[in-house]
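*Asks:* Take a look at this one; I'll ask things after.
What follows draws every value from the coordinates through simple rules; no lab data is involved. Note that the structure is a prediction, hence the values are computed from the model and not measured. Note that we place each Cβ from the backbone using ideal geometry, even for glycine, and neighbour counts take in every protein chain shown.
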Amino acid sequence: MVVVLMLTTVPDAAAAQSLADGALTARLAACVSELGAIRSRYHWQGKVETADEIQLLFKTSPVRALELERFIQAHHPYDTPEIVSWQATASSSYGQWVTGETQRLFHV
């Protein structure tokens with residue numbers, strides 16, 4: 001089965017928790033792994049910058065990937081957040097779990 005992995009970085013633990021909790025509550029991701037502290041070096045406004053960040057890896061279904069990307073963009077503390085995604089082949093049971101956990105809940 002195919003799942004989508006989406007990666008972003010945030011400045012601190014509070015931002016990581018807020019973004020992860022929001023995506024999980026909205027069922028845009030089945031799981032968010034906090035990959036830990038990293039040091040990023042990048043070009044920004046004409047200079048090379050260095051920042052300590054926390055990397056997050058979201059696992060979602062292909063049908064929810066665009067919504068998750070928009071959610072991250074809207075709720076991210078950075079003006080230009082890193083949002084990188086790719087499709088991956090998952091085991092059948094894991095793929096079914098991701099799909100099930102990212103379905104919209106309908107109230108009858």
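*Asks:* Starting from the Cα-Cα distance between residue 5 and residue 88, subtract it from 0.36 nm times their residue separation and give me the gain in nm to one decimal.
*Replies:* Full extension from residue 5 to residue 88 adds 29.2 nm.
*Asks:* Anyone know which of 84, 98, 32 comes out most mobile in the 10 Å Cα GNM of the chain?
*Replies:* Evaluated over the chain, the most mobile residue of the options is 84.
*Asks:* Net charge near residue 2, counting Lys/Arg +1 and Asp/Glu -1 over other residues with Cβ under 13 Å of its Cβ?
*Replies:* +2
*Asks:* On alpha carbon coordinates alone, what is the Rg over Rh value for the range 2-101, Rh being the Kirkwood radius?
*Replies:* Here the Rg-to-Rh quotient is 1.00.
*Asks:* Along its principal axes, what span do the Cα atoms of the range 48-108 show, with the longest given first and each in whole Å?
*Replies:* 48, 31, 16
*Asks:* Please give the length that would be gained between residue 67 and residue 50 if that part of the chain were fully extended, namely 0.36 nm times their separation in residues minus their C-alpha to C-alpha distance (nm, one decimal).
*Replies:* 3.1 nm
*Asks:* For the chain, calculate the relative contact order in percent as a whole number, restricting contacts to Cα pairs under 8 Å that are 6 or more residues apart.
*Replies:* This gives 43 percent for the chain.
*Asks:* For the chain, find the longest principal axis of its Cα atoms and tell me its angle to the long axis of helix 65-75, 0 to 90°, nearest 10.
*Replies:* The angle comes out at about 40 degrees.
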